[in-house]
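The values are calculated or read from the model by the stated rules, or taken from the named source; none is laboratory data. Since we're looking at a predicted model, the values are computed, not measured. Every residue, glycine as well, gets a Cβ built from its backbone with ideal geometry; the counts of neighbours run over all protein chains shown. These accessible areas exclude ligands, DNA and RNA; they are computed on the full protein's heavy atoms, side chains included. Shrake-Rupley method; radii C 1.70, N 1.55, O 1.52, S 1.80 Å.
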Amino acid sequence: AAGVAVVGRELYDITKKAAEFGSEIYDASQKTGLGADVISSLKASAEQAGSSLEAVTKGVARFAKQYEGTNADLREELGKTFKQIADAKPGFEQLTIAQAKFGKGGADLIPMINSFDGDLEGLVKRMEELGISIDDEAAAAADAFGDQMDTLGMQIAGVGRTIGTAFMPQFTAMAGEI
């Protein structure tokens, strides 16, 4: 029984971590208009380059806001921009392009972009091969699971408050007697 409990706890922890990851990707996908496969690939690349998903999300959201094409073309245009930055002369030229496209935080994206030579499609393919990226369906499922777990946590806390409130008169009376 103890072994089953340990295995059950380990499986729950794995599921919880997967849900947290997927939910983070889902939220970033909603903010940027990019698919979960691209966002999860960029997250992995950003973390390897010393940046964060938050920096990527902010930069890409700004890029998307300036972009005048369709959502379907956003991924392709982002890939072209990454390639343009990677191919630019390191230093001032890369910095100028990155900040023009992604705002002040564009500088933080340069090491990440350089880490995959600006080849967004190559990055996504590589991350899929390594099993690092997730798709839109997995991200949405993870977000839904996370939301359900949050609701359950709030319900459990509510039950605790109800029980605590029921015992307050007895503890108040005991405190008064002491």
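A few points about this structure:
- Enumeration of residues in region 51-74 that are open to solvent by 70 Å² or more (accessible area, probe 1.4 Å), in contact (Cβ under 8 Å) with a residue 24 or more places away in the chain and under 20 Å from the mean Cα position of the chain (by Cα): Lys58, Arg62, Asn71
- Of the helices (runs of 4 or more DSSP H) lying entirely inside region 1-118, those containing at least 1 residues that are touching a helix residue (DSSP H, G or I) at 6+ places or on another chain (Cβ under 8 Å), among the β-branched types (Val, Ile, Thr) and under 30 Å from Met149 (Cβ atoms) span 2-32, 36-48, 53-66.
- Flag if Gly176 is among the small types (Gly, Ala, Ser), closer than 29 Å to Phe82 by Cα and either open to solvent by 40 Å² or more (accessible area, probe 1.4 Å) or part of a helix (DSSP H, G or I) (or both): no
- Criterion violated by Thr15 - all others in (1) among the β-branched types (Val, Ile, Thr); (2) buried (at least 21 other Cβ atoms within 10 Å of the Cβ); (3) under 21 Å from the mean Cα position of the chain (by Cα) satisfied: (2)
- Scanning region 32-48 turns up no residue that is open to solvent by 40 Å² or more (accessible area, probe 1.4 Å), more than 22 Å from Glu129 (Cα to Cα) and not aromatic (Phe, Trp, Tyr).
- Members of region 39-56 that are among the β-branched types (Val, Ile, Thr) and modelled with pLDDT under 95: Val56
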